[in-house]
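I have placed the structure first, in the form of structure tokens, so that the comments after it can refer back to it.
Each value in this text was obtained by applying a stated rule to the coordinates, not by laboratory testing. None of the values given here were measured: they were computed from a predicted structure. We place every Cβ from the backbone using ideal geometry, glycine too, and count neighbours over all the protein chains shown.
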Amino acid sequence: MVERIKAELGATLKETPVGEADYRERGYHLFAEVASADLLNVARFFDERGFYLAALICVDYKEYLELVYIFSNHASLCKVKITLKIDPAKPVAPTISTVFDCAYWHEREIREFFGVSFDGHPNMTYLFLHEGIDFYPLRKEKIPVSDEDKKALGAFRPGEGEDTFFVNLGPQHPSTHGVLRVVLKMDGEYIEDAQPVLGYLHRMHEKMAENRSYLQFLPNTGRMDYLGPMAFNLGYVTAVERLCGIPVPDRANYVRVILTELNRLSSHLMWLGAYLADLGALTPFLFVFDDREEINDILEPVTGSRLTYCYFRFGGLYNDVDDAFVAGTRAFIERLRSRFSLYEKLVGGNVIFTNRTRGIGVITKERARKQAVSGPVLRGAGIAMDMRKSEPCAAYGKMDFDVPVGTRGDALDMYQVRIREMENALNIIEQALARLPEGPIMTEKAPRKLKPPKGDLYHTVETPRGELGIYIVSDESDKPYRMKWRVPSFSNLMIFPELAKGNLLADAVAILGSLDLVIPEIDR
Amino acid sequence: MEQIGNMIGWETVKMVVGLVGVLVFVVLNALILTWAERKVAGHMQRRIGPKEVGPYGLIQPIADALKLLGKEILTPREVDKPLYYLAPMIIFVPVLVSFVVIPFDASLQVMDINVGILVILAFSSLSVFSILMAGWGSNNKYALIGAIRSIAQNIAYEIPLLLALLPIIMMTNSFSLKSIVEAQHGLWFVVYQPFAFLIYFIAGVAETNRTPFDLPEAESELVAGYHTEYSGMRFALFFLAEYTNIFIVSAIAVTFFLGGYQGPFLPGIIWFLLKSYLLVFVIMWLRWTYPRVRFDQLLNISWKALIPLSFINLLITGGLLKL
């Protein structure tokens, strides 16, 4: 696959060379620098070959701005980094949102954080920030926002139509689970248009990363996705380990898998309860909290916290697990297995529930690729893609589990995929516990002061919500030069407007719930 | 006493005493039901519900009522004031009137009107006005959508509700609730009319806006529906009306299908309350078990299933009676 793409891309690009990168060091196989005139052709090239736009990143190198496009493939592992240099004095680039729909939001994000304008973009308005920001936050030098830009960026104003009215779903609303605001254009009970407005929880983690050492940033990762912090921890430490070449002892790898899967369980359980609360059934919420409490009780003595964990370290773990942990986890597996039949009876077999979720929010494979959705949403749409399988980190490569997929791509499929993923998580934990090796939990080769070699890395892990991509640029100092977080909820939310269109308000709530969004992660 | 009675007429005295009794019962009933709902919900959700205030948390509803009474009465600036003020008061009228004709016991009935059930049905339709006033007057989009939903729902479900009661009226040849109860001296009507009972009960749950038919106040979609903008005592009035409506729906079911106040050993009123609160419990049970149906599904259940079924039931009953 990689060879073929290299040859074909080389033929398309003609003059510009296509380089081959060391995948284990860089996280991508091929790279090429294109001219802005070629960009759209390249995008179409990847679109025709079934690639999706995994991430769109901007890096400010002072002399020039660099746009980084990561293209990836669902079917086989092949990642390509396409870069485009732009002049910082007059930052303009062509949009590729006409080819890949998910670029629509990424480009808006880059516009407000870097001031890069995208030619041909249909809606260059603010996504996260508000009109009061008078500089571009992620530029290395302070560049004031010109008045023209401010005017263009702050253009979003919902106006009422003749037969329609606007309803604000959020930012304070029971079903958005956080401070997400969706402006709905309604015709009676039917939705004509949905426009998510983000940024109510924006904390600029990416800028924080540039001002902290690698270790200091570690606690931030757990604050992004408060329901699945372990997977974010895992993604970050494995990324930095990959960048610096730090080895990890076997035992630590197994413990990482166990804890990440336990956290995935608690995240999925939380989703189950919250989703049913969205649909009007309040009781399951308390039942899943009961189970979730058990997980917290298991994790608390080991990690020292119950919600925003910061447990993994570069080269190992903070703390070893003891026999009580192993026994407690085994008991919990038994307990949760017996509960699945109860959930099936109460929820999965409930005719009201299945009628509410069947056939709504249908995502086709093609739309899933164009919008770059990931995780259970992608698998519900029928694409068997799991980063734990395709790019296994920690000890995932040694685990035996299947990847559940849906057939219809509707909200009911997302539910079934998540339930089966929970069962899989139990199996993975069981396997890891059975094979848990003795030995050290921390490598002795971890340097005291981390100064990764010059270069970049795009590293992905599977969080409970999908593909987490971390792009780190190192300039050999002890702080990252640029760190971009490609978060799964952000990409999954992008598909919401087209799913909601033409549906009832009640369905919009059910669709929003089936995407399993965590707002602090979207806003970062 | 005799003189006072003669002066203003015994009927009037009975009416006034009855109305005061009804008012006391409405308040008591709401207090008990809020406590019961929280206890039922608690035990269904693996917790114990209120327990701090009084034994088993029994005083909790009184504490809540005092809190609501003590709250500042807020009026949002943009509301349509007359409608906004009137809505919570008007919602209470049909509720009170319904109680006047319900026979709690053989002799415990404020008034036995020969069109008793029609009075209840006619007045309970009025509560739609109050909901519409609240929804429109609040000048809030959530409230408005909630009110629109509520009206569509109430109209759709009043038809099967009435059609399910009609076979009983045909069997007894009477609109008077008391004679309907007396007619069930032998076998309860639920034995003759099990389908009518089911249809009535489903429609009744929908009429009271309870889960799985709680669309007008669907929390996850409409925040609180038509009473989003109400707080303090005004909110409490809506709340009170909701719980009283649940009791009325159960009480009519008991009167029509479950033999009313009749039963062995215990006094009639005990039987009546026992049966009614059992049905109330079932309604609560439903609420804490099921998710909410969607709006089009809700209307489909009524127009496509309940109404045709109740017509068939009515036809069969009519045919059998003629034989």
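Miscellaneous remarks
- Remark: region A:86-92, residue by residue, has Karplus-estimated 3J(HN,Hα) of 10, 6, x, 6, 9, x, 9 Hz, where x stands for each Gly or Pro and the curve is 6.51 cos²θ - 1.76 cosθ + 1.60 at θ = phi - 60°.
- Amide H to amide H distances under 5 Å link A:Thr463 with A:Leu468, where only residues 5 or more positions off or on other chains count and H is placed in the peptide plane.
- For region B:2-322, the percent of C-alpha pairs falling in each 10 Å distance bin, counted from 0 to the bin holding the largest distance, reads 6, 24, 34, 25, 10, 2, 0.
- Signed unit charges on C-beta, dipole axis of region B:2-322, positive-most listed residue B:Leu118, B:Leu165, B:Phe295: B:Phe295
- Using θ = phi - 60° in the Karplus curve 6.51 cos²θ - 1.76 cosθ + 1.60, the 3J(HN,Hα) couplings for region A:361-378 round to x, 6, 10, 7, 4, 5, 5, 4, 5, 5, 8, 6, 6, 8, x, x, 5, 5 Hz; x is entered for Gly and Pro.
- In terms of overall dimensions, the C-alpha atoms belonging to region A:72-139 reach 45, 23, 21 Å along their principal axes, ordered largest to smallest.
- Point-charge dipole on Cβ atoms (K/R +1, D/E -1) for chain B, about Cα centre, debye to 20: 620
- With the biggest extent put first, the Cα atoms of the protein assembly as shown measure 110, 63, 57 Å across the principal axes.
- Alpha carbon Rg of region A:2-153, scaled by the compact-globule rule 2.2 N^0.38 Å: 1.07
- In Å, descending, principal axis extents of the Cα set of region A:283-408: 46, 36, 27
- Taking amide H positions as modeled 1.01 Å from N, with prolines and chain starts lacking one, the residues under 5 Å from A:Val182 and 5 or more places away or on another chain are A:Leu169, A:Gly170, A:Val197.
- Summed over qualifying helices (DSSP H, 4 residues or more, each -39500 (n - 2.57)) and divided by its residue number, chain B shows a 222 nm mean residue ellipticity of -22500 deg cm²/dmol.
- Peptide ranges B:239-245, A:384-390 listed from the most packed, as the mean C-beta count within 10 angstrom indicates: B:239-245, A:384-390
- The alpha carbon centroids of region B:38-104 and region B:263-306 are separated by 20 Å.
- Per residue of peptide A:334-344, the mean number of Cβ atoms on other chains within 10 Å of the residue Cβ is 0.
- Charge dipole magnitude, Cβ of K and R +1, D and E -1 - region A:212-492, Cα centre, debye nearest 20: 940
- Within a straight-line Cα-Cα reach of under 24 Å, A:Lys345 can be paired with the following lysines, leaving aside sequence neighbours fewer than 8 residues apart in one chain: B:Lys39.
- Annotation: amide H-H contacts under 5 Å for A:Arg313 (H modelled 1.01 Å from N, sequence separation of 5 or more, or interchain): A:Tyr318.
- Mean Cβ neighbour count within 10 Å, used as a protection proxy, ranking B:192-201, B:74-83, A:184-193, B:139-148 highest first: B:139-148, B:192-201, A:184-193, B:74-83
- Between region A:283-337 and region A:62-95, the alpha-carbon center distance in angstrom: 40
- Over 30 Å (Cα to Cα) - which of A:Lys151/A:Lys501; A:Lys85/A:Lys454; A:Lys150/A:Lys185; B:Lys81/B:Lys178; A:Lys398/A:Lys445 fall in this group: B:Lys81/B:Lys178
- Across region A:212-492, Cα-Cα distances exceeding 22 Å account for 57% of all pairs.
- Put the Cα centre of region A:469-524 next to the Cα centre of region B:125-177 and the gap is 43 Å.
- Averaged over the residues of peptide A:501-511, the number of Cβ atoms from other protein chains lying within 10 Å of each residue's Cβ is 4.
- Straight Cα distances below 18 angstrom link A:Lys479 to the aspartates and glutamates A:Asp60, A:Glu141, A:Glu206, A:Glu210, A:Glu241, A:Asp456, with same-chain residues fewer than 8 positions distant left out.
- Over chain A: helical MRE at 222 nm, DSSP H runs n ≥ 4 each giving -39500 (n - 2.57), nearest 500: -13000 deg cm²/dmol
- Calculated Rg and Dmax of region B:79-141 using C-alpha coordinates, Å: 15.0, 48
- Average other protein chain Cβ within 10 Å of Cβ, residues A:350-360: 3
- Take A:55-61, A:431-437, A:345-351 and order them by the average number of nearby Cβ atoms within 10 Å per residue, most first; the result is A:55-61, A:431-437, A:345-351.
- Relative contact order (%) - criterion: Cα under 8 Å, at least six apart; region: chain A: 17
- If you wrap the Cα atoms of region A:322-383 in a convex hull and average its projected area over all directions, you get 6.5 nm².
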